[in-house]
Every structure is written in structure tokens, then in C-alpha cells.
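Here's the structure we're looking at; comments come further down.
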Amino acid sequence: METFDLATLRQFLALARHQNLSDAASELHLSPSALSKGLKRLELALQTTLFDRQGRNLRLNADGVRLLDRAAALMANADQMRSEFLGTRGSFHCRISGPALLQLNWGRRIASLIGERFPGAQVAFGNEKEDEALSALARGEADLALVTTAALGALDPRHIALNIGLTRFEVAVGANHPLTLAGNGPRATVTEVLKYPFVVPTQPPFRGLQGGPATDGWRDDQQPRIIRYRSDDLLLVDGLVRAGLALAYLPDYALAELQLLRLDLTDNPFSCTQQVVLVYRPSTASGWLNYVVEAMKSEAVT
């Protein structure tokens, strides 16, 4: 009777992610033939087929979908158990999914926590929209997801959401911008700010900003701005602001991380805030994941 092990399940999960034999084999540093043999062993052990073959591509069938969640849970618990017994000597691969704007602060903080406690660990940062980040977590392609509360909707019952921070949007300004050089320091009225161009995202970075009057949370329906630049690239936004070419409406932590100046608006009646959430699949093993969750709980600002 055919049997399978955790290594075979890991191969199955890679195939489910890529749905292509060559791509999955490349990720696992295996030959396509070796990976194909592993899949056949797994299918023989379970006495079912898990994929529909479409040329060189594979598509999960109903039984494959059934196995996907169970395999991801088994692998997560195995990794946590290994972490529990090896302690700080263990090496593992942590995958954090979420928008780059959230990774900038909270992803970096999680990586710092892991690096301090588990020096042999590796951390991979995704750059996905919030819905995609939660889907990656559900498929077992991520260990943690960073999102805002508006993205939670009907939270997957397998997952837990932890409030880890509240952010307020501020106007970022460069040191050489006319509003900074005006003599009052980085301080202005809304009327003065509206005379200068802004850079805004092409797409709303967070679910709660979708359908609003602007992609960045500013009330353009009440206070229309000059929008001259559009970009989702934080480095480009940072460069435009530093050069004095544009203002940007960004989360307060982004200003701190990018070391941009905050323009004090003396008469703005509107504000934009977002609650940041860490979503994870709970583990029964007291390994690295539980360590990160407990550490983030102790630091949470809500």
C-alpha cells in the first residue's frame, strides 16, 4: 500500500500554487519527473486523482481542493512543532502577505521580532491587495496576512484577526517644498495646500478607501486637489515628495518610515483613519507563530 509523508504534501502544495509542473519543480529544486512521481505516489495513497491535466498545466479538482486545506494545516502544524522543539535554533520560512503600505511598518516589525528570536529564519514579504492576501493565507501560501478591518468581511472561521494598530493619514511634504520654506515651518491652511499638486495611488491601497472620493482617503469631493501624479510605487512617491514636486496623503507611520516631514493642516475638518489587523491561522504548537502573535498583542495600539 502506498504511503506519503510531509515532503510529499509540501510538493502537492507547491503544485497547487503554481498549477504547473515545471514551475513547482523549480521552486522545490526538483526535476519535473521527480515531482510527477511524488504526485502519483500521493494519488495512489489516497486512491484518487487530485488534478485535472491540461497539457503542461494542472488544475485542482474537487478532491484536490478537499486536500488543500488539510495539507496546509498539517504543514503549518508540523512547522510549528519543529519550531517548538528546536526553539531559537530552528530555521523556518515565514511568509507575510499584504499591501506594501502595511508591510512597510508592520511587516518590518514582524520580521524584526522573528530575527531577534530566531536568527536562522527567513522572511518573505508579499505585495498583494488585501483580498488576495487573505486568499493566500487560506490557501496556505502565507503564514500571516496584514490587512485593515474593512477587508475582513466574513472572516474565514479558520482564521483569527488581531487588531495591531490604528493609523491616521497625514500630508507629507518635502524639505524644499514652498510650504516648508514659507517661514511658518511645515504648516498651512487647506486653502494653501490646494494650490499645490499631489501624488496619489492609481488604486486604493486599502478596501476601506474603495468607492470613496479619492484613492488615498482625501475628501476631494469637498476639498478638490490638483492631482498631477499617480503611482503605487512608494519609492517613486517618496522621491516626488522629497524633490518638492508633490505632496502626498499617507499613513502617519509611512511618513516616519520614509522620514518625510508632516505638514500641519491648521483647519482641516476631515480625517482618514484605518485599523490595521494581523490575520493568522491558530496553531496548537507553541512555536514561532504563537511567539509573534503574543509579541504583537503586547505592542498593539488600537
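The values are calculated or read from the model by the stated rules, or taken from the named source; none is laboratory data. Predicted model only: the values in this text are computed from it and were never measured. Virtual Cβ from ideal backbone geometry, glycine too; neighbours counted across all protein chains shown.
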Determine which single condition residue 191 fails, assuming it passes every other condition in (1) modelled with pLDDT of 95 or more; (2) under 16 Å from the mean Cα position of the chain (by Cα); (3) not aliphatic (A, V, I, L, M).
-> (2)
What number of residues within the range 241-253 are surrounded by 22 or more Cβ atoms within 10 Å (Cβ to Cβ) and part of a helix (DSSP H, G or I)?
-> 1
Can you tell me how many residues in the range 135-162 are assigned to a helix (DSSP H, G or I) and touching a helix residue (DSSP H, G or I) at 6+ places or on another chain (Cβ under 7 Å)?
-> 2
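Consider residue 158 carefully, then state whether it is among the charged types (D, E, K, R), under 33 Å from the mean Cα position of the chain (by Cα) and modelled with pLDDT of 95 or more.
On the way: among the charged types (D, E, K, R): yes; under 33 Å from the mean Cα position of the chain (by Cα): yes; modelled with pLDDT of 95 or more: no.
No: the conditions fail for residue 158.
For the range 192-208, give me each residue that is outside any loop (DSSP other than H, G, I, E, B) and in contact (Cβ under 8 Å) with a residue 40 or more places away in the chain. Even if it seems obvious, please write down each step before you answer.
Here is the first cut: in the range 192-208, the ones outside any loop (DSSP other than H, G, I, E, B) are 192-193, 197-200, 207-208.
Matches in the range 192-208: 193, 197, 198, 199, 200, 207, 208.
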Quick one: is residue 45 among the hydrophobic types (A, V, I, L, M, F, W, C) and either over 18 Å from residue 66 (Cβ atoms) or within 27 Å of the chain's Cα centre (by Cα) (or both)?
-> no
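Being under 22 Å from the mean Cα position of the chain (by Cα), assigned to a loop (DSSP other than H, G, I, E, B) and among the small types (Gly, Ala, Ser) narrows it down to one of 211, 183, 165, so name that one.
Values: 183 fails: under 22 Å from the mean Cα position of the chain (by Cα); 165 fails: assigned to a loop (DSSP other than H, G, I, E, B).
On inspection, the qualifying residue turns out to be 211.
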Across the range 117-139, the tally of residues that are out of contact with any Gly (no Cβ under 6 Å at 6 or more places or on another chain), farther than 19 Å from residue 209 by Cα and surrounded by fewer than 22 Cβ atoms within 10 Å (Cβ to Cβ) stands at 12
Among residues belonging to the range 214-238 that are surrounded by fewer than 17 Cβ atoms within 10 Å (Cβ to Cβ) and β-branched (Val, Ile, Thr), point out the one that is farthest from the chain's Cα centre (by Cα).
-> 226
Those residues that are surrounded by 14 or more Cβ atoms within 10 Å (Cβ to Cβ) and not in a loop (DSSP other than H, G, I, E, B), I need them from the range 168-180; list them, please.
-> 169, 170, 171, 172, 173, 179, 180
